[in-house]
Every structure is written in C-alpha cells, then in structure tokens.
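Below is one structure; the comments refer to it alone.
Derivation of every value follows stated rules applied to the coordinates shown; laboratory data play no part. Remember, predicted model here, so these are calculated numbers, not experimental data. Cβ placement follows ideal geometry from the backbone for every residue including glycine, while neighbour counts extend to all protein chains displayed.
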Amino acid sequence: MKQKERKAGQKKTSGPSGESRRDNRASRPPKPVARPAAARETVREAAAPAAVERLLTARSGERPAERVPVILDSLGAGDFHLIDSGDGQKLEQYGPYRIIRPEAQALWQPSLPSHVWEKVDAVFTGDTDEEGTGRWRFPKAALGETWPLNLLGVDFLGRFTSFRHVGVFPEQIVHWSWMKDHVERAGRPLKVLNLFGYTGVASLVAAAAGAEVTHVDASKKAIGWARENQALGRMEKLPIRWICEDAMKFILREERRGSQYDIILTDPPKFGRGPNGEVWHLFEHLPLMLDVCREILSPQAVGLVLTAYSIRASFYSIHELMRETMRGAGGVVESGELVIREAGLDGKTPGRALSTSLFSRWVPK
C-alpha cells in the first residue's frame, strides 16, 4: 500500500524521503563499487548529506533460474476495481466513490459511454506530474478528505491528495495476497520488512495474517496515516514496529546489527529527497539497496519483492539486477509487470489490462 511519492495520499511514501510517494524519498550512499565479500565493510559516515558508504558485494555462483515475462493480473479486490479506461484517464471505484484520475498509458478509447464517465464523485485535475501539485473537483457534492475502504479484510482510509493518489496502490494486491498466503501457511511467525511502506496497508495485511512486521517510511505523515489505519481496523495489538526513517539508513543499520527478515517488500521511488537532504536516484542507488536487502534475508527466507513504479525502463533491467544480486542463493527470479484489468460497472466483467508497474521477485524455489 506505497515511500510505489507517497505523500499525503501519494502512492507510497515510504522511501527515503517520503515526500512524494514514489518520487520524493531519498537516501544517498555514494555510487557503489564492487569488491569481494570478505573485504566488504562500512567505510565512512559522510558529513553532508548524512549517509553511510557501503560498497557492493562481489558475488559468485550461479544466477537463480528465471521466469519471464510474468504478468500479475488483478481484476480488483475488496472495495476497489477499475471500471474503464481510455483517453489518458482511468475510471475507478473506491468503495462508494467513482473516481477519474489521469493515466498516460490508457492510449485507447473508453469502452463505456460518456454518460457513465460523467456520473462520478471526484475528478483529479491540474498538474499530473508525480512531483507536481494538482487538485480534486467534486461534481456532485463536496467530499471529506478521507473515507473508509477495505482490502484483503483490512480496513483503512482512502484519501484525496494533491498528488492524485488516494492512499493505496491497488496493483500491489497481487504481492500482498502472495505474502498473506505464505505467512498463513508458514507454521511459524514470519518476519516481514516493508520498506517505503506508505500508509501501511501491506503491513496490516501481513500482521493480520500472523507476521511480525517492521514498517519503514521517512514521512511522518505517512506513519501517522498508517497508525490511523491500524486504529480504524482495531489492530493496535498486532506486532508492528512503525519506523520513521530513511530506508537506506535503516537497512544499513540492520545489516550491521545482523537483523534478518523472511520477506522483504520494497517499492522505492524514482527520485526523492530525504529528511536530512539525502538524494535518492533509483538507477544509481537501487543496486546497493538490493544488495543490502539480500544480506538481511534470513536463511529460511520466503521472498524479496521489488516494485518499480513510473520509470522508463524494461522489466528486464530490474530482472537481471535481481538475478545478479541473488547469485549463489538458488531459487527463482520471476519478473514482469503488474496490471489491473478493467472489470466494468459490476466489477466482474474482464476487459483490457492497464499496466501499472514493473516488478521482480526472488523466491527460494
């Protein structure tokens, strides 16, 4: 639910900065250089911006097997489904509200007639850039900032934000369902790390299934919203650690401590700035982030999941990076795209597939 902007309603704000869902988080370790694992160490603490340099591990062994392309398709779930799309927009149902938001990849014409698109509760207009600021128009009546929603049995609040997002990224439902299933079947409490956790829906799904969860997001607002969602669902007693910190700094410290996790979810932004001036560039810093994530995976790890939102790249770029990162670990790397399929007005009529994100996922077998 995710640092996938994430600002008050942005798509995930858990990244290093947590400013603009997938594009305003940050952490900036200097560009890494590979060296043998035995020689790897923390080199220095940079003065400004405050960041730790940690070099990449030179890994050996066979790369994991691969499954490509994998298309993880969702027809919607709970209180959400995609009604229709086209002309650079998407028509969605979020609980009681019908919403129109920009969607550049909807190159085709809408399937449903114009009168269906006109009967909406909210329309996002204005600047549609991930780092820009837009506004909502309410054709029928003014609506409050939040409203209740439910996905995978978890209650949370939808939000109208200036970054066109609504406090949840429903394309992630396929990863959350996968995680929920593994947690419930594990026979032991799995430890889950949710990096760039945004408003905490994934963390609540994991904890409700029986996991011990660590949720990391650099945005105080996002952490506050996550706690609101926890209270809304009366889940205050679930084992969740809410950590408001730069994601890279957190995992580097966890590595030094020898901490380990069975499942790691990470949905970093394309670009972001951290609370102390850190700068995050996905293409520059992603290799190091994945490298550290591998080091904190437990010997009985269930999976490492990476989602890349709003970037100009092929899924093969993150697929091959994941396979290199997991050299010698065995298992399989499966990569491709997350898509949401149109479901019509009734939420049950499959239509066209709208691509939302790239992903790569390592699993032990």
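The table for this structure:
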quantity: Peptide ranges 243-252, 172-181 listed from the most packed, as the mean C-beta count within 10 angstrom indicates; calculated: 243-252, 172-181
quantity: DSSP-assigned coil residues among GluC sites (Glu not before Pro) in region 97-176, each with at most 13 further Cβ atoms within 10 Å; calculated: Glu145
quantity: Shape call, region 76-169: gyration tensor on alpha carbons, a/c limit 1.5; calculated: rounded
quantity: Stretch gain in nm, segment Arg256-Glu62, where the contour uses 0.36 nm per residue and the Cα spacing is subtracted; calculated: 67.2 nm
quantity: Ordering of 224-233, 160-169, 323-332, 206-215 by burial proxy (mean other Cβ atoms within 10 Å per residue, highest first); calculated: 160-169, 206-215, 224-233, 323-332
quantity: Overall form of region 272-365 per C-alpha gyration tensor (a/c, 1.5; a/b vs b/c); calculated: oblate
